[in-house]
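Colleague: Can you read through this structure? Questions will come right after.
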Number of protein chains: 6
Amino acid sequence: MHIRVINPNTTASMTARIGKAAEAIAAPGTRISAVNPQDGPVSIESHFDEAISAVGVAEEVRRGERESVDAYIVACFGDPGLMAARELTRAPVIGIAEAAFHMATLVSTRFSVVTTLGRTAIIAEHLLASYGFAGHCRRVRAAEIPVLELEDNNEAAFERIVAECRRARDEDGIGSIVLGCGGMADLTGRISDAVGLPVIEGVTASVKLAEALVGLGLHTSKHGDLAFPRPKPFSGRFADWSDARH
Amino acid sequence: MHIRVINPNTTASMTARIGKAAEAIAAPGTRISAVNPQDGPVSIESHFDEAISAVGVAEEVRRGERESVDAYIVACFGDPGLMAARELTRAPVIGIAEAAFHMATLVSTRFSVVTTLGRTAIIAEHLLASYGFAGHCRRVRAAEIPVLELEDNNEAAFERIVAECRRARDEDGIGSIVLGCGGMADLTGRISDAVGLPVIEGVTASVKLAEALVGLGLHTSKHGDLAFPRPKPFSGRFADWSDARH
Amino acid sequence: MHIRVINPNTTASMTARIGKAAEAIAAPGTRISAVNPQDGPVSIESHFDEAISAVGVAEEVRRGERESVDAYIVACFGDPGLMAARELTRAPVIGIAEAAFHMATLVSTRFSVVTTLGRTAIIAEHLLASYGFAGHCRRVRAAEIPVLELEDNNEAAFERIVAECRRARDEDGIGSIVLGCGGMADLTGRISDAVGLPVIEGVTASVKLAEALVGLGLHTSKHGDLAFPRPKPFSGRFADWSDARH
Amino acid sequence: MHIRVINPNTTASMTARIGKAAEAIAAPGTRISAVNPQDGPVSIESHFDEAISAVGVAEEVRRGERESVDAYIVACFGDPGLMAARELTRAPVIGIAEAAFHMATLVSTRFSVVTTLGRTAIIAEHLLASYGFAGHCRRVRAAEIPVLELEDNNEAAFERIVAECRRARDEDGIGSIVLGCGGMADLTGRISDAVGLPVIEGVTASVKLAEALVGLGLHTSKHGDLAFPRPKPFSGRFADWSDARH
Amino acid sequence: MHIRVINPNTTASMTARIGKAAEAIAAPGTRISAVNPQDGPVSIESHFDEAISAVGVAEEVRRGERESVDAYIVACFGDPGLMAARELTRAPVIGIAEAAFHMATLVSTRFSVVTTLGRTAIIAEHLLASYGFAGHCRRVRAAEIPVLELEDNNEAAFERIVAECRRARDEDGIGSIVLGCGGMADLTGRISDAVGLPVIEGVTASVKLAEALVGLGLHTSKHGDLAFPRPKPFSGRFADWSDARH
Amino acid sequence: MHIRVINPNTTASMTARIGKAAEAIAAPGTRISAVNPQDGPVSIESHFDEAISAVGVAEEVRRGERESVDAYIVACFGDPGLMAARELTRAPVIGIAEAAFHMATLVSTRFSVVTTLGRTAIIAEHLLASYGFAGHCRRVRAAEIPVLELEDNNEAAFERIVAECRRARDEDGIGSIVLGCGGMADLTGRISDAVGLPVIEGVTASVKLAEALVGLGLHTSKHGDLAFPRPKPFSGRFADWSDARH
């Protein structure tokens, strides 16, 4: 089974860390290939960053379709371009926010999210509402850490995240915590140890969900509103989408 | 990894069929043990049947705790006793309705449920609301087949289910169908072939979800409201619960 | 009119106190008979305790059906086995949580719940959502008192409850308080006096609701999903349910 | 116990019929006094009719306060002026729509409403949402009968209502029916007989709920947002409200 | 274009101030006429005050219908009589709470409301739920200022409002603030300057929305439930409504 | 006042038609400039088309920021890139779906949407839920017309839309209809005449809403989650976003 992990930002070091976290959790027969778009922002911390990166996600899915990928993971906590990506392939596509929320509801009745910047909390709130999990999430918290500060083995950032997780544990009436950034993927174990309750991180969660869907033989439905987009002319720098769907 | 599939009713032939479906989907390293309570109803088609069978589920979890089970599956579409079961173990516990709903939202934007008897639709509706998926489900449909009619390779029952699935596909504006009974586990492939869109069945879905959770090292949270029940005296035929939690 | 008050736990002293509170509020022509199952836990403080006690509730309804009971009350704040009980009889069946919530919305626009242990708050939250009252309840609060501490005229427990009620009154923006435990039934008047706003307790509320429903000639609907369960074989210690519905 | 039934419209014959229905269901010790405002519309079939009749309801509560009334009933299915009325008295005030919805959820999992004119369905929908029962009601149906056609023992109107109730029973997946007009109060028994499932009517339901609340010693909360209105000058034809609260 | 601004209370000085605020914002071709009912309360601070003032709103719409008004504004934050007013005219009718909520969602993802008295918060909450904006509003706050204290250039009141707005800005995670009283209309600019984020006030917002609707040629739908009320006899002081709809 | 109407697809003839419809409704002092991105799809009929076109919307806002635009309109019914666009400017940004929904709730209690292709209905459903209008919309209907078929004075397409609108009017219990495509902007009057109830179209609605917001001096909040994106490196074909925010 070949799972393509798409880091929607262009920071190769983060892609590598995310890929490593994915590999560490993958089942024996699973091949992980972690990629990121050539074009886009170095980190995703706003709706605008998300809009640009969604194009990169789509491009990576198109590339993947030529390489017999079995499932895709969109490895940014805002799940940018998730629905578009699903239209472009028969393979399952999973967002890491989505994956983490699903898993959290399976091991606890209520969870909180600890994310990077407060300004991205609204993105998590919108996703929670759209996915149906608004009632399961007590609170979306931010450690106020820019995404790229997670890149350099930053102990101060780690401590800030742990501190916010502890506040969530002590104040929110929860059973588990969802980490709100793909860049936290390799910290999960240490955070969980420090906090003492289940800590769910989306990259690893989505690898296992992808394996599950592929194992079940389930594909993204092509009946109805996730069918392949109708072919049509695209112009300018997107002209290569005009006839290149498959 | 050892997954205990608990069929909450007492029909051993159904337990065997469910177990076989679970084994067929399980990963190489996964051991499936399918069990059913000694005490309870032969099928579950009402709130009352559910209430009785929830005791059986609890008992099977207690038994499992002495046998180093890694995850439990509650293999009846009403997920009877799910929350109680979660309190009794650190291992993940997954209901098949829950599992099927989660998977359906990952491969389609909207789904319908096709269940056995119309009177059980309310159980599915309550679960959909509680899990957060009420907005993703267009309709809960019933083929009006008593559960045990699924037991004997019943072609008429199969045809009724397929017919209802086709109506769902054509009228409901959906991308996938959730089968609403554990007894349909071994029919999934044939139904999916006949209907032509993703058909999700909970026994198989929950095996893969259980593997995913165990693979992630996630356990049922013991922080907060799913903690082990406080020990206390039980009387009468439940007296053996007084001090036998583990 | 004969109202059967079922205390779902096995603590006879609590049954007696609940029965006395019910009698004190009953109309002249109303006969109260308070019972508790022989089998089950001494108190109900978890989903597991609830699952076991639901069987006791069902058994007491079956017994009641042979004694011309006109209405049943399930006198534990989690309303365990309520839907199952409704299937087993044509008589109205009322849960005390449900009754208290209904009454609270009739005398105030918003209420808070003050219950025993924090771990049971999730049960109240689930009921509020299912009954439709989630928007009317500001907060579910816990005095962190184990249920049986209410048994011995415990002044410390009483003070803890009153203190929590006062916090609810002063912080929550509410008009009334719902007491979240059947064991508080005989404290209602004193708590209300101490707090100075309407305090609603479910045992008394459900006695009056039961009288109301019986007075109206309303019975539990047998059209649709609360119809009597289909008769079927039960095995083991539940074998006596095989043919003993009526 | 003295229950004041306020018919918010000015049709005395309907007031008499409503009063009779209320008396027929009242407990031995309950005195019913049915009144209607002197000023207002002969029937209530729009938001505008409701707005005018809300003044009449307020005036009748003010009158009642001088006559030691123990509870008030607002006997129009839109519950006009309900919140205002609650502010004006310490006594419980119950709307008949509200009462019927509450009772319906106690005897069935889902109900439909059968009301008079289609244009008033939106009023019922708004109330269902506000009271929390939107999820319990499958459908608001109209028999398209003007309210006053119910006044003269109209068999054609009765048949239209029964026909619509039967459609609700057969198509909506419900367990009970709520009648959506105070003018149907004396038809309830016949309709229920004709339809064969619990039929709930608000006038009778609210009499029993009023008895229940008074029996419990519960009054409308004067803590918070239902407190008596702040005294203030009123001008013109409402000048008599300036200092006449009590 | 002629916009009739109806101040539902009878305080002429407030009507003048509201009218002035409306004129200041109106487009060149827009004529503002600000009126208030002759009959009713000097301020609106409860459901009861609202019920009385709704009659005044209806009367003013009736008067306006003889004067070729193009749109109506109901200039009290509880939007009293809004639906009734809509039934009485083909012209658009806009409530100032409604208008402010709509505008707030267009310039921010989340807002808070700062209103006068805490007891009116429930009115705002009910409107938010009914209009669909409950999820966009973080919190309804009160400065605990009686409405008429806003009348005399009251600096203390102004400071209290600003202080509450600052708390909203700093604690609620919002992007804008909605002022919860028509009497604050002429303070908006100063408050916005003092607080430093978009402050939305309903009188001005509704003038622009009214201009927008009239500009679009949109009228209140007379198809369905906002059609003109059916003509019918009214008695007593409301007798003039019997045949005077237009 | 300068309003920039951004047609997110690249079909210049549609841009012209949309611009003309916008000009026809604009107030005297309003300048309309209609543009479309150079790069992107000729029409938008899927999540993927939306994702690509969102980049074009962002680019057009960036261009507009150098040209003193006072407000932006995103003239595609899926409101692609709306939140991103809001982050990029202090000016108000309005989506045409959003605008149409707001206006529809001001002139009716319930509306239906008539859109082009059934596969885009999910986009409208997601927007309705996110904006808070899910409860106000009875049904999203599709005439099954590809967007570009609206381009050539297509009478057959017009008739299909009218036919679907009539079904909505007759079956859905609504007061108004929202047209679900920017390409229908110049058909609104004819459709409304043919159907006989208020028909709301988003391009015109958003012009008037934009005028309203600008008239009120309201800007997109830069406090909180719609603040300008943090500057950061972009690579590849998006490199020009690295430092070119303004």
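The numbers here are math on the coordinates, done by the rules we state, and not lab data. Computed from a prediction, not measured in an experiment: that's the story for all the values here. A quick note on method: Cβ atoms are made from the backbone with ideal geometry, for glycine too, and the neighbour counts reach across all protein chains shown.
Colleague: So if we plug the beta-carbon distance of residue D:170 and residue F:68 into 1/(1 + (r/R0)^6) with R0 = 51 Å, what FRET efficiency do we get, rounded to 0.05? Don't jump to the answer; show the numbers that get you there.
Modeller: Values: r = 64 Å, r/R0 = 1.26.
So, using R0 = 51 Å, E works out to roughly 0.20.
Colleague: Name the GluC sites (Glu not before Pro) in the stretch E:108-197 that are in a loop by DSSP and that have at most 14 other C-beta atoms within 10 Å, would you?
Modeller: Working: sites: E:125, E:144, E:149, E:151, E:155, E:159, E:164, E:171; in loops: E:144, E:151.
In loop regions of the stretch E:108-197 (DSSP not H, G, I, E or B), the sparsely surrounded GluC sites (Glu not before Pro) are E:144.
Colleague: At residue D:28, with labels set 7 Å past Cα in the Cβ direction, how many nm apart are the copies from this one, shortest first?
Modeller: With the label placed 7 Å along Cα→Cβ, residue D:28 yields 0.4, 8.1, 8.2, 8.2, 8.3 nm.
Colleague: Let me ask another. How high is the relative contact order of the stretch C:97-203, in percent, with contacts defined as C-alpha pairs under 8 Å that are six or more residues apart? Can you show the working numbers first?
Modeller: On the way: 188 pairs, mean separation 36.9, N = 107.
RCO, the stretch C:97-203: 34 percent.
Colleague: Order of C:192, A:13, C:43, C:176 from fewest to most other C-beta atoms within 10 Å?
Modeller: Going from least to most buried by this count: A:13, C:192, C:43, C:176.
Colleague: With charges only on Cβ, +1 for K and R and -1 for D and E, what is the dipole size of chain B about its Cα centre, in debye, rounded to 20?
Modeller: Working: 25 positive and 31 negative charges, 130 e Å.
About 620 debye.
Colleague: I would also like to ask the following. Over all directions, the average projected area of the alpha-carbon convex hull for the stretch F:1-71 comes to how many nm²?
Modeller: Over every viewing direction, the Cα hull of the stretch F:1-71 projects on average to 4.6 nm².
Colleague: Another question about this same structure. Relative to the Cα centre, what is the charge dipole magnitude of the stretch E:97-201, using +1 at the beta carbon of each Lys and Arg, -1 at the beta carbon of each Asp and Glu, and rounding to the nearest 20 debye?
Modeller: For this selection, approximately 460 debye.
Colleague: Hey, how much of the P(r) for the stretch C:97-203 falls beyond 22 Å, as a percent of Cα pairs?
Modeller: 19 percent
Colleague: Another question about this same structure. Across the residues of E:79-87, average count of Cβ atoms on other protein chains within 10 Å?
Modeller: Values: counts 0, 1, 6, 2, 9, 8, 3, 7, 7.
Across the residues of E:79-87, the mean count of other-chain Cβ atoms within 10 Å is 5.
Colleague: Out of the DSSP beta bridges found with both residues in the stretch A:97-202, what percent are antiparallel (nearest 5)? Present the calculation step by step, with values, prior to reporting the outcome.
Modeller: Working: 0 of 13 bridges.
DSSP beta bridges in the stretch A:97-202 are roughly 0 percent antiparallel.
Colleague: Something else now. Consider just the alpha-carbon atoms of the stretch A:36-97 and return their Rg together with their Dmax, both in angstrom.
Modeller: 10.8, 32
Colleague: Additional query: Give me the distance between the Cα centres of the stretch E:1-48 and the stretch D:167-246, rounded to whole Å.
Modeller: 34 Å
Colleague: Taking each residue in F:199-206, count the Cβ atoms of any other chain within 10 Å of its Cβ, then average. What number comes out? The partial results should precede the final answer.
Modeller: Numbers: counts 1, 3, 1, 0, 0, 5, 5, 2.
Going residue by residue through F:199-206 and averaging, the value is 2.
Colleague: Put +1 on the Cβ of every Lys and Arg and -1 on every Asp and Glu Cβ in chain D; which of D:210, D:163, D:185 then has its Cα farthest towards the positive end of the dipole?
Modeller: About the Cα centre, the residue reaching furthest to the positive side is D:210.
Colleague: Okay, next question. Given contacts defined as C-alpha pairs under 8 Å and at least six residues apart, what's the relative contact order of the stretch C:40-115, whole-number percent?
Modeller: 25 percent
Colleague: Which residue, chosen from A:109, A:140, A:194, occupies the Cα position most advanced towards the positive end of the dipole of the stretch A:97-202, where the dipole is computed from +1 (Lys, Arg) and -1 (Asp, Glu) charges on Cβ about the Cα centre?
Modeller: It is A:109, whose Cα lies furthest towards the positive end.
Colleague: Provide, as a two-decimal number, the C-alpha radius of gyration of the protein assembly as shown over 2.2 N^0.38 Å, N being how many residues it has.
Modeller: 0.89
Colleague: Charges only on Cβ, +1 for Lys and Arg, -1 for Asp and Glu: so what's the dipole of the protein assembly as shown about the Cα centre, in debye to the nearest 20? Mind dumping the intermediate values first?
Modeller: Working: 150 positive and 186 negative charges, 0 e Å.
Computed about the Cα centre, the dipole is about 0 debye.
Colleague: Same structure, new question: Taking only C-alpha pairs under 8 Å that are 6+ residues apart, what is the relative contact order of the stretch C:1-152 in percent? Please list the in-between numbers first.
Modeller: Working: 272 pairs, mean separation 32.8, N = 152.
RCO, the stretch C:1-152: 22 percent.
Colleague: Using a 10 Å cut-off on Cβ to Cβ distances, tally the other chain neighbours for every residue of C:121-127 and report the average as a whole number.
Modeller: Numbers: counts 5, 9, 3, 0, 5, 5, 0.
Per residue, the average neighbour count from other chains is 4.
Colleague: If each label sits 7 angstrom from Cα along the C-beta direction, how far apart, in nm, is residue C:151 from its counterparts in the other copies?
Modeller: Shortest to longest, the spacings are 4.3, 6.4, 6.4, 6.4, 8.1 nm.
Colleague: Equivalent-ellipsoid semi-axes (√(5λ), Cα gyration tensor) for the stretch A:153-246, whole Å, largest first? Please list the in-between numbers first.
Modeller: Details: eigenvalues 315, 71, 31 Å².
For the stretch A:153-246, the semi-axes come out at 40, 19, 12 Å.
Colleague: How large is the Rg to Rh ratio of the stretch D:4-155 when both quantities use alpha carbon positions and Rh follows Kirkwood?
Modeller: 0.95
Colleague: Next up: Given label points at 7 Å from Cα along Cα→Cβ, what nm distances, shortest first, separate residue E:171 from the same residue in every other copy?
Modeller: Between copies, matching label points for residue E:171 lie 1.2, 1.2, 5.1, 5.1, 5.3 nm apart.
Colleague: Could you please rank C:111, E:228, E:48, placing first whichever residue has the fewest other Cβ atoms within 10 Å of its Cβ? Let's see the in-between values first.
Modeller: Values: C:111 28, E:228 15, E:48 25.
So the ranking, lowest neighbour count to highest, is E:228, E:48, C:111.
Colleague: Please work out which residue of chain C brings its Cβ closest to the axis of the rotation superposing C onto F, and round that distance to whole Å.
Modeller: Taking the axis that maps C onto F, the answer comes out as C:135, 7.
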